[in-house]
Structures are given as structure tokens and as C-alpha cells.
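K.L.:
This is the structure I want to talk about, given as C-alpha cells.
Every number here is computed from the coordinates shown, using simple stated rules; none is lab data. Note that the structure is predicted; figures quoted are calculated from it, not measured. Cβ: placed from backbone, ideal geometry, glycine included. Neighbour counts: every protein chain shown.
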Amino acid sequence: MLSMVGIKFVPVDVEVDEEAHSAENPREYVITLSLKKAREAADKTKEGIIAAADTIVYLDGEILNKPGTPEEAKEMLGKLSGRTHQVYTGFTLLQVPEGKMVQDCGVTDVTFRKLDREEIDEYVASGAPFDKAGAYGIQDDLSALFVERIDGDFYNVVGLPLPKFYLALKRFSAENQ
């Protein structure tokens with residue numbers, strides 16, 4: 001997404017245990033995880049602006065992260081079927097080495113149509129759900145057909161609230177030159 005809008009970046013691999021984290025609310029959860037990712041990337045970077053993000057699906061007070069098994073993926077998709085849920089994506093911009101930062105979060109309502117068991121089984125068999133919060137990616141071939149309606153930023157559901165992120169980066173860059 002960053003390349004799509006002309007933002008140049010160098011990816012840095014980080015490993016943060018998302019299961020070891022808890023928070024009072026979904027907004028706090030994604031912002032805290034994005035900060036953990038940014039700090040780990042900062043440990044591998046001498047200078048510049050680190051951007052990190054984390055996305056979750058939230059339904060009925062439950063955070064749906066990435067499924068670990070086909071059964072978990074099927075269960076998650078079954079819960080989402082015919083329902084509206086929220087997608088939260090938190091991001092952190094961290095200036096290295098100074099340590100200045102800005103954080104924000106996007107929230108989008110997503111409504112799934114009623115899914116039948118065969119559709120869920122076919123999607124899970126494709127392997128696509130396993131690296132995605134809530135066991136789906138709105139940009140995927142099959143799961144794109146699951147979404148009946150979205151209210152909010154499409155790109156937030158993909159994994160980054162792009163307009164919000166862009167404006168924050170623009171301000172942050174100007175303030176830290």
C-alpha cells in the first residue's frame with residue numbers, strides 16, 4: 001500500500017508475540033502491538049522514521065487474531081457470517097534515534113453476508129485465512145465475495161488506514177526535519 005501511494009520504505013522483519021499481549025480495548029490492543037513492532041524495528045535501524053501497524057477483527061467483545069488451525073479459521077468465519085464486525089488497525093510512527101512518536105488507529109465496520117459451509121471450507125482449503133486477522137482478507141479472491149458492506153476506510157480493512165496514516169506521516173515528517 002505504501003508503494004501504491006509513492007511512499008518509499010525499507011522493510012524490516014520483526015517478530016512480536018501477539019498472543020502474549022492483552023489490553024482493555026481493541027484500540028489500545030492494536031496501538032500497543034504496533035508500538036512493540038516499531039520498537040523492535042528500531043533496534044535494527046540506526047536512523048529514520050519507523051512505521052509499524054497491527055490489525056485485528058473485533059466481534060462481540062472478542063478479538064479475532066490470525067487463526068492457527070483450519071478449525072479455528074472455520075470457527076471465526078462462521079462467527080462473522082451474516083454479522084457486522086469492526087476492523088481495528090493501529091499504527092505507530094517512531095523517529096529513530098530521537099524516540100519521538102505518533103500513534104493512531106482506524107476503525108471500519110464490515111458486514112458479511114450469510115456464508116454457507118461449502119464457501120467457508122473452500123476458502124479455508126485455499127490457505128488464505130492463516131496470515132490474516134479474523135481469518136479473511138477483504139482483498140482476497142474468495143473472501144472479497146463475503147463482504148456485503150463496509151462503513152469506513154477500505155484500506156484499514158486491508159491493513160493500514162491509508163489516508164489517516166499518510167496525513168500523520170506528513171505532519172510527523174515536517175515536525176521532525
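K.L.:
I need to check one value: relative contact order of the chain, counting alpha carbon pairs closer than 8 Å and at least 6 residues apart, in percent. Intermediate results must be reported in sequence, preceding the final value.
P.N.:
On the way: 323 pairs, mean separation 39.3, N = 177.
That works out to 22 percent.
K.L.:
Can you classify segment 50-114 as rounded, prolate or oblate using the Cα gyration tensor, where a ≥ b ≥ c are the square roots of its eigenvalues, rounded means a/c under 1.5, and otherwise it's prolate if a/b beats b/c and oblate if not?
P.N.:
Details: a/c = 4.25, a/b = 2.22, b/c = 1.91.
Taking the square roots of the gyration eigenvalues as a ≥ b ≥ c, segment 50-114 is prolate.
K.L.:
Relative to the longest principal axis of the C-alpha atoms of the chain, give the angle of the C-alpha long axis of helix 26-42, reported between 0 and 90° and rounded to the nearest 10°.
P.N.:
50
K.L.:
Arrange the following residues from fewest to most other Cβ atoms within 10 Å of their Cβ: 59, 162, 64.
P.N.:
Numbers: 59 16, 162 20, 64 23.
Listed from fewest to most nearby Cβ atoms, that is 59, 162, 64.
K.L.:
If you place +1 on the Cβ of every Lys and Arg, -1 on the Cβ of every Asp and Glu, and leave all else neutral, what size is the dipole of segment 14-170 about its Cα centre, to the nearest 20 Debye?
P.N.:
Working: 18 positive and 29 negative charges, 123 e Å.
I would put it at about 600 debye.
K.L.:
Among 161, 67, 11, which one shows the highest mean-square fluctuation when the chain is modelled as a Gaussian network with alpha-carbon springs under 10 Å?
P.N.:
11
K.L.:
Another question about this same structure. Go ahead and estimate [θ] at 222 nm for the chain from helices alone: -39,500 (n - 2.57) per DSSP H run with n ≥ 4, summed, over the residue count, rounded to 500.
P.N.:
Values: 5 runs with 56 residues, N = 177.
That calculation yields -9500 deg cm²/dmol at 222 nm.
K.L.:
Taking only Cα atoms and a 10 Å spring cutoff, compute GNM fluctuations for the chain and point out the largest among 93, 167, 33.
P.N.:
Comparing 93, 167, 33 in a Gaussian network model of the chain, the most mobile one is 167.
K.L.:
Taking the Cα centre of each part, how many Å lie between segment 116-132 and segment 71-92?
P.N.:
With segment 116-132 and segment 71-92 each reduced to a Cα centre, they are spaced 13 Å.
K.L.:
Same structure again: Please report, for the Cα atoms of segment 14-170, the Rg to one decimal and the Dmax as a whole number; what are they, in angstrom?
P.N.:
Just the Cα atoms of segment 14-170 yield Rg and Dmax of 16.1, 52 Å.
K.L.:
Is the shape of segment 117-177 rounded, prolate or oblate, going by the alpha carbon gyration tensor and its root eigenvalues a ≥ b ≥ c, with a/c under 1.5 for rounded and a/b larger than b/c for prolate? Can you show the working numbers first?
P.N.:
Working: a/c = 5.16, a/b = 2.66, b/c = 1.94.
Prolate, since a/c reaches 1.5 and a/b exceeds b/c.
K.L.:
Say the cut-off is 30 Å between C-alpha atoms; which of 79/170; 44/66; 44/79; 37/114; 8/132 go over it? Walk me through the numbers before you get to the answer.
P.N.:
On the way: 79/170 38 Å; 44/66 26 Å; 44/79 39 Å; 37/114 35 Å; 8/132 24 Å.
Too far apart for the 30 Å limit: 79/170; 44/79; 37/114.
K.L.:
Could you work out which residue, out of 25, 156, 65, moves most in a Gaussian network model of the chain, that is, has the largest mean-square fluctuation with Cα springs under 10 Å?
P.N.:
So, out of 25, 156, 65, the one fluctuating most is 25.
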